[in-house]
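Here is the structure we will look at.
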Amino acid sequence: GQQVMQIPQYQHVQEGEDFTTYCNSSTTLSNIQWYKQRPGGHPVFLIQLVKSGEVKKQKRLTFQFGEAKKNSSLHITATQTTDVGTYFCAGPNYQLIWGAGTKLIIKP
Amino acid sequence: KAGVTQTPRYLIKTRGQQVTLSCSPISGHRSVSWYQQTPGQGLQFLFEYFSETQRNKGNFPGRFSGRQFSNSRSEMNVSTLELGDSALYLCASSFRGPTSEAFFGQGTRLTVV
C-alpha cells in the first residue's frame, strides 16, 4: 500500500540553527499536508500544498512540494524555542497517510 | 466557531473492560477520523466516518469499533481492553475527508491497568 516516509526521526539543533524535515511518498500525491504537534498537544494543521513544484512560506517556515508530487520538505530558518514539537507530513489516499514525524529538539 | 471536542480527556480502565470515547466535530464537518497515538509513534489510523457511513478502516482488531450519528458526532468503542491499548486517541474532523485539512481534538488519554 501507499507509504509516506519521513526523515529524520529526530533533529537536535541549537537555538538559531536551521531545521529541515523531508517526506517521500511511494506514489504521486494529489496534495500534501503538514502538521505540528507540540509536546502534550494535538496535531495542528500548518499548510497544504497542491501544485507541482509549489513553494509556500509562513514567516520562518518554508514548505516545498516536489515536481513529481512525491516528495516534500519543511525548512525552518533560525529556530526558536516555540518551534519545538513534532512535524508530520500527510498525503491523502482513501485516508490520510501519515509520515512518522520529525521531532525538533532544541539543545540547552 | 467551536473546535473539535473529545470527551473524556482522561480515562483509566482495567484489562478486560470496555470503553467508549466521544468526538464532536466542527459544525458542518461530515468526516470524522480516529487515530491511535502511542509514545514516540506516529498516528495510526483507526477508521473514518462520513455521513454516518464508515468509509475506511485501518488495520486494527475487531475490538475497535465506531459509529457516527446523524449530527456527525462520533463514538469509538474498544472492548476487552488490553494493556497495549493504552494510548492517546485522537479524533479529527474535516469538511470533505482526506483531501481537506483535518482539525484535531485534544484527544482522550486512555490508560489500561
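Each value in this text was obtained by applying a stated rule to the coordinates, not by laboratory testing. The structure displayed is predicted, hence computed values, not measured ones. All Cβ positions, even for glycine, are placed from backbone atoms using ideal geometry, and neighbour counts span all protein chains on display.
For A:Ile97, A:Ile32, A:Ile7, B:Ile26, the sequence from fewest to most other C-beta atoms within 10 Å is A:Ile7, B:Ile26, A:Ile97, A:Ile32. Max-minus-min Cα coordinates of chain A on each principal axis give 40, 26, 20 Å, with the largest extent listed first. Using only Cα atoms, locate the centre of the range B:19-38 and the centre of the range B:58-78, then give the distance between them in Å, rounded to an integer. Computed from Cα coordinates, the inter-centre distance equals 9 Å. Electrostatic tally near B:Ser22: other residues with Cβ closer than 9 Å to its Cβ, Lys and Arg +1, Asp and Glu -1, net 0. Here the Karplus curve 6.51 cos²θ - 1.76 cosθ + 1.60, taken at θ = phi - 60°, turns the phi angles of the range A:53-62 into couplings of x, 5, 10, 10, 10, 10, 6, 8, 9, 10 Hz, with x standing for Gly and Pro.
Look at A:His75, A:His42 and count the other Cβ atoms within 10 Å of each Cβ; fewest to most, that gives A:His75, A:His42. Couplings 3J(HN,Hα) of the range A:11-27, computed from phi: 9, 9, 9, 7, 4, x, 7, 8, 9, 9, 10, 10, 10, 9, 9, 6, 9 Hz, in residue order, whole Hz [Karplus 6.51 cos²θ - 1.76 cosθ + 1.60, θ = phi - 60°; x for Gly and Pro].
Quick one: net charge of A:Val4's neighbours, Cβ under 15 Å, K/R +1, D/E -1? Result for the neighbourhood of A:Val4: +2.
Approximating the spin labels as points 7 Å out from Cα along Cα→Cβ, the B:Phe69-to-A:Ser26 distance works out to 3.9 nm.
Net charge of the neighbourhood of A:Lys107, taken over other residues with C-beta under 15 Å away and scored Lys/Arg +1, Asp/Glu -1, is -3. Converting phi to 3J(HN,Hα) with the Karplus coefficients 6.51, -1.76 and 1.60 and the offset θ = phi - 60°, the range A:79-87 yields 4, 10, 4, 6, 7, 4, x, 10, 9 Hz in sequence order, with x at every glycine or proline.
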